[in-house]
Amino acid sequence: MKGIKIAKIFGIDIELHWSWFLIFFYFSWMLAAQVLPQLISEQSTVAYWFFGVIIVLLLFVSVLIHELVHSKVAQLFKISVERITLMFFGGAAQVKELSKSAKVEFWIAIAGPLSSLGMAGIFWALAKFLKTDMALVAASLSYLFVINLILAIFNLLPAYPMDGGRVFKTILWAISKNEMRSLKIATRVGQAFGILMVIAGIFKFGFWFVFIGGFLFLMAPGEYKQLMAKKILSQIKAKNLMDSFPPISMQKGEEEVCNAEDDLAVVLGKMAITGRFTLFVVENDKVVGIIHHANIEEYIKFKM
């Protein structure tokens, strides 16, 4: 899920998905035309739009901090994070490897909601103690406090693939010692939450509940399949699936090759990053074979 690169923080590429621009304009309009005029009346249209845009940008910063905290905790546990893609519903981090244990995944998952709670506390303190005569400033800070608090609480719901669902999965994993079974249960619970949200949206809470509920219902099994595929691919090396030929000395660019000892999850990740469907396999500085994306896909289908 590639986007437009806008920055690099902690060695992680920060990207914007195209959908982010839609939500930026939509929420800016909603705040300027509906929310802020209801909170504070008799202000100019320019003022409403100015603070609407500022609120959306600060919400963007809050979501970015949420994802960066996830990623920084992952880095502390020696898990490499390549990029963060920010979308209309939040963000997604691209990691090179799987969590090593339930404990590691628990701390990575819980870090995000805790950061949102921290951001909510900061905006609450600013709204309460910042001395200003501008009513729109106070209203904006209070709104940011409420939204960050809602995001923290919502993310803590045990609905996979949200953070609370990941925490729920790690608790089951720690108890059962079986990650895949724990993920399967968490996935089912996430889908159940999705169905409940769709029903609640239809009868009471409107479009966004339906949309988010549908997203949860559809995304939860996808995450399960992705992790299953990664588990399968992490157990076999490139040399085991390559088309072999006698070792030869060939000058190849870094983007064209993988190491014979790289597991298939690493190989598939490199193919995704470089946009290549084949890679030469190198061992002892010599090209010993070639591996194809189609072969990896066939291997996943066979094992699943």
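The values are calculated or read from the model by the stated rules, or taken from the named source; none is laboratory data. Note that the structure is predicted; figures quoted are calculated from it, not measured. Note that we place each Cβ from the backbone using ideal geometry, even for glycine, and neighbour counts take in every protein chain shown.
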Practice task
Could you please tell me which pairs satisfy a Cβ distance under 9 Å, a separation of 6+ or placement on different chains, a first residue in the range 240-263 that is in contact (Cβ under 8 Å) with a residue 24 or more places away in the chain, and a second residue that is among the charged types (D, E, K, R) and exposed (fewer than 11 other Cβ atoms within 10 Å of the Cβ)?
Solution key: Ser249/Asp285
Practice task
Scan (1) at pLDDT 90 or above; (2) under 17 Å from Leu156 (Cα atoms) for the single condition Phe89 breaks and write down its number.
Solution key: (1)
Exercise for the section: Would you please name the residue that is nearest to Asn155 (Cα to Cα), looking only at residues in the range 192-202 that are crowded, with 16+ Cβ neighbours inside 10 Å and small (Gly, Ala, Ser)? Expected result: Gly194
Problem - Test for Ala229: is it among the small types (Gly, Ala, Ser) and either assigned by TED's automatic domain parsing to the domain that holds Leu264 or under 17 Å from His293 (Cβ atoms) (or both) - result: yes
Completion exercise
All conditions in (1) of a type outside the set (Val, Ile, Thr); (2) surrounded by 14 or more Cβ atoms within 10 Å (Cβ to Cβ); (3) on the phi > 0 side of the Ramachandran plot are true of Ser182 except (3)
Practice task
Identify, from the list Phe154, Phe129, Phe77, the residue that is under 22 Å from the mean Cα position of the chain (by Cα), of a type outside the set (Gly, Ala, Ser) and more than 26 Å from Gln34 (Cα to Cα).
Solution key: Phe77
Problem - Where Phe106 falls short, out of the listed (1) over 25 Å from Leu157 (Cα atoms); (2) touching a helix residue (DSSP H, G or I) at 6+ places or on another chain (Cβ under 7 Å); (3) at pLDDT 90 or above - result: (1)
Problem - Contacts under 8 angstrom Cβ, first residue in the range 177-189 being within 15 Å of Ala220 (Cβ to Cβ), partner in a helix (DSSP H, G or I) and among the hydroxyl-bearing types (Ser, Thr, Tyr), 6 or more apart - result: Ser182/Thr170; Ser182/Ser176; Leu183/Tyr224; Lys184/Tyr224; Thr187/Tyr224
Exercise for the section: Could you look through the range 203-223, keep only residues that are more than 21 Å from Glu105 (Cβ to Cβ) and in contact with a Phe, Trp or Tyr (Cβ under 8 Å, 6 or more places away or on another chain), and pick out the one that is surrounded by the fewest Cβ atoms within 10 Å (Cβ to Cβ)? Expected result: Phe215
Practice task
From the list Ile291, Ile300, pick out the single residue that is surrounded by 15 or more Cβ atoms within 10 Å (Cβ to Cβ), under 27 Å from Glu179 (Cα atoms) and over 19 Å from the mean Cα position of the chain (by Cα).
Solution key: Ile300
Practice task
Determine if the range 286-298 includes at least one residue that is in contact (Cβ under 8 Å) with a residue 12 or more places away in the chain and of a type in the set (Asp, Glu).
Solution key: no
Fill in the blank from the handout: Checking Lys230, Lys239 in turn, the sole residue that is closer than 30 Å to Ser99 by Cβ, at pLDDT 80 or above, among the charged types (D, E, K, R) and assigned to a helix (DSSP H, G or I) turns out to be Lys239
Fill in the blank from the handout: Restricting attention to the range 1-20, the residues that are out of contact with any Ser or Thr (no Cβ under 8 Å at 6 or more places or on another chain) and over 13 Å from Thr85 (Cα atoms) number exactly 1
Handout entry: Pairs with Cβ under 9 Å, 6+ apart, first in the range 75-86 and in contact (Cβ under 8 Å) with a residue 60 or more places away in the chain, second surrounded by fewer than 16 Cβ atoms within 10 Å (Cβ to Cβ) and among the charged types (D, E, K, R)
Key = Val81/Lys96; Glu82/Lys96; Arg83/Lys2; Arg83/Lys5; Thr85/Lys2
